[in-house]
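Here, each number is a calculation from the coordinates, and none is a lab measurement. If you're wondering where the values come from, they're calculated on a predicted model, not measured in any experiment. Ideal geometry is used to build each Cβ from the backbone, glycine not excepted, and the neighbour counts take in all protein chains shown.
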Amino acid sequence: MRTHTPLPSLLLLGSLTLTAACTSATANSSGTPTTGARAGSSPSAVRTVDPSKIKGLRIVNDNSEQSSCPFAASYPDVPGAQAMTAAMKKYVEGLLDGFRESACADGSDSTAGRELNISHQFLVASGDVLGVRLTTQDQTSASDGRSTRTYWYDGKAGAYRTPLGLIADGSRDAFADALKAELKGREGVDEADLNATFSDPGFLASSLGDVSFAADGALRVEFGRGVVGAVAAGSYLVTVPAATVTPWLSAFGKRAQQQTMAPSTSLDLGAASTPTPAVLTHTASGDDDTDCKKVKCMALTFDDGPAAPETATLLTYLAQYNARATFFTVGQNVAAHPELVRAEARAGHEVGNHSWNHPDLTKLTPEQIASQLDRTSAAIKAATGKAPTLFRPPYGAVNSTVRAATSMSPVLWTVDTEDWKYPDATKVAQTVITKAGRNDVVLMHDIHPTSVAAVPEILRTLTARGYHFVTVSHLRATL
Ligand code: ZN
């Protein structure tokens with residue numbers, strides 16, 4: 001049973017149970033482009049968390065697949081941290097609602113170049129401390145609109161903590177003075193403006209959006225574009241060494257610092273219950289020998305997952321009809337649910353690459369494109385033992401730069417169900433049944449329960465009409 005509050009416009013995904021939350025140190029864990037950060041001293045290494053070790057983790061996803069209205073949002077829902085999940089939900093849904101209204105409404109022509117992307121990254125998932133960073137890119141042709149926020153949960157107190165909650169009440173003045181001293185003299189920072197900004201007693205509470213710890217215990221503070229300096233100068237990263245900042249930390253801040261530096265083997269936020277993982281046991285019986293020259297074939301494709309429990313349910317339906325499909329998976333979801341990707345491959349389905357966090361690849365540099373695709377392929381290979389040979393560009397957006405950045409072959413589609421827009425299983429089923437024909441590649445999304453619910457009707461009806469459901473690579477190879 002789900003233990004969370006139902007979300008009206010976002011889809012709650014995911015369930016699994018494993019044992020521990022463990023981390024490893026790395027200097028660069030973000031799959032998203034970094035822009036404009038001004039390091040005050042040599043950057044301290046940050047740690048990455050393996051989300052597949054977080055018991056009962058759900059990833060909430062809401063994506064479009066339409067190039068004229070490109071948005072993709074995700075955030076984690078960890079059992080026990082409901083208050084923090086609610087804070088992320090409020091932030092994400094507010095941005096999504098605004099984007100849909102201004103950029104995606106019928107007749108709107110304001111979409112040119114605009115794209116909204118909200119991705120997540122775990123900072124700490126250890127002991128009674130959970131820390132998550134959301135990275136937002138509200139991109140226009142003029143700016144990437146990047147901003148970041150960190151969210152903290154104190155399992156011991158059962159309380160959501162803002163970034164300023166890492167600092168003890170009595171030490172906030174000293175902390176502010178240290179930040180100010182670090183920022184003085186930076187390019188784009190005017191000292192008079194800085195003094196005026198920090199003289200506002202509410203400044204830290206309202207403007208401290210991104211605070212985290214480095215692997216050595218130093219505190220990292222990122223100020224967004226225009227918060228403490230010129231807008232054109234971008235964001236500012238301030239690092240306060242562990243020896244300086246530790247006396248200023250709140251009791252929770254000290255635990256967050258400790259759990260970053262020396263993570264324990266598990267996360268326990270005191271959740272009353274965690275979802276039970278689906279048991280997936282179906283194994284394909286050998287290679288598919290369907291000859292698409294002789295029989296009617298169709299390739300169903302499912303993007304944006306894996307998602308639990310939806311993907312597991314879908315695998316059960318596909319197995320009932322001996323149908324094979326292709327899953328274009330998103331890397332940050334593969335990292336959360338590698339067992340589902342493994343189950344896809346074991347059941348004879350094809351696993352493809354759909355980028356790490358669903359950006360329009362045509363707006364990225366070649367290095368960023370390669371990072372998006374390579375990081376996802378590595379996660380797929382870690383889960384299945386096999387690197388993908390196909391990728392589907394988010395929003396179907398592909399150009400020569402994207403093609404040149406990878407050896408994988410791009411796959412678009414011939415029938416679009418628009419299932420992300422219409423959460424209606426009957427409508428989705430009817431669209432496939434009436435529009436799809438021989439050798440079509442059908443676009444669907446397994447993050448939507450309504451899309452998964454449409455699949456039995458699709459398979460029942462079209463199997464009766466003589467269709468065979470094959471993977472994209474099988475369809476291509478036999479035509
Ligand atoms: Zn997609």
(request) Choose one of Leu412, Ser102, Leu116: the residue whose Cα lies farthest towards the positive end of the charge dipole of the chain (beta-carbon charges +1 Lys, Arg; -1 Asp, Glu; about the Cα centre). (result) Leu412
(message) Sorted from largest to smallest, which semi-axis lengths in Å does the alpha carbon gyration tensor of the chain give for its equivalent ellipsoid, taking the root of 5 times each eigenvalue?
(response) 42, 24, 19
(request) Quick one: net charge around Phe327, please, counting Lys, Arg +1 and Asp, Glu -1 for every other residue with C-beta under 9 Å from its C-beta. (result) -4
(message) Can you divide the C-alpha Rg of the range 271-380 by 2.2 N^0.38 Å and report the result to two decimal places?
(response) 1.20
(message) Just to check I understand the Karplus step: with θ = phi - 60° and J = 6.51 cos²θ - 1.76 cosθ + 1.60, what whole-Hz values come out for the range 423-433, glycine and proline as x?
(response) x, 9, 4, 5, 5, 5, 4, 5, 4, 5, 5
(request) Cross-chain or 8 or more residues apart, Cα under 24 Å: how many lysine pairs in the range 56-261 fit that? Count them up, please. (result) 4
(message) Quick one: 3J(HN,Hα) in Hz for the range 403-413, Karplus 6.51/-1.76/1.60 with θ = phi - 60°, rounded, Gly and Pro as x.
(response) 4, 6, 7, 8, 8, 6, 8, x, 10, 9, 8
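Fewest to most neighbouring Cβ within 10 Å: what's the order for Ser64, Ser147?
Ser147, Ser64
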(request) Note down the magnitude of the dipole of the chain about its Cα centre, charges +1 on Lys and Arg C-beta and -1 on Asp and Glu C-beta and zero elsewhere, to the nearest 20 debye. (result) 960 debye
(request) Just the number, please: percent antiparallel of the DSSP beta bridges in the chain, rounded to the nearest 5. (result) 60 percent
(request) Can you pull a Stokes-Einstein diffusion coefficient for the range 56-261 at 20 °C (1.002 mPa s), Rh from Kirkwood over Cα pairs, as a whole number of µm²/s? (result) 118 µm²/s
(request) Could you name the aspartates and glutamates whose alpha carbon sits less than 12 Å from that of Lys363, not counting residues in the same chain fewer than 8 places away? (result) Glu115, Asp144
(request) Arrange Lys90, Lys55, Lys254, Lys421 by Cβ neighbour counts within 10 Å, fewest through most, would you? (result) Lys90, Lys421, Lys254, Lys55
(request) List the residues whose amide H sits under 5 Å from the amide H of Ala45, counting only those 5 or more places along or on another chain, with H placed 1.01 Å from N in the peptide plane. (result) Ala215, Asp216
(message) Run lengths n ≥ 4 of DSSP H only: what is the helix-derived mean residue ellipticity at 222 nm for the chain, with -39500 (n - 2.57) per run over all residues, to the nearest 500?
(response) -9000 deg cm²/dmol
(message) Per residue of the range 252-269, what does 6.51 cos²θ - 1.76 cosθ + 1.60 with θ = phi - 60° give for ³J(HN,Hα)? Whole Hz please, x for Gly and Pro, Karplus curve as stated.
(response) 5, x, 5, 5, 5, 5, 4, 6, 6, 6, 9, x, 7, 7, 8, 10, 9, 9
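What's the ranking of 466-475, 303-312, 334-343 by average number of surrounding C-beta atoms within 10 Å, highest first?
Descending mean neighbour count gives 303-312, 334-343, 466-475.
Could you work out Rg/(2.2 N^0.38 Å) for the range 140-268, with Rg from alpha carbons only?
1.10
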(message) If packing is taken as the average count of other Cβ atoms within 10 Å, what order do 159-170, 65-76, 115-126, 190-201 fall into, highest mean first?
(response) 115-126, 65-76, 159-170, 190-201
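If a/c stays under 1.5 just call it rounded; otherwise compare a/b with b/c (prolate if a/b is bigger, oblate if not). Do that for the range 390-479, with a ≥ b ≥ c from the square roots of the Cα gyration tensor eigenvalues.
Working: a/c = 2.64, a/b = 1.46, b/c = 1.80.
Taking the square roots of the gyration eigenvalues as a ≥ b ≥ c, the range 390-479 is oblate.
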(request) Consider all pairwise Cα distances in the range 112-180 and report the whole-number % of them above 19 Å. (result) 53 percent
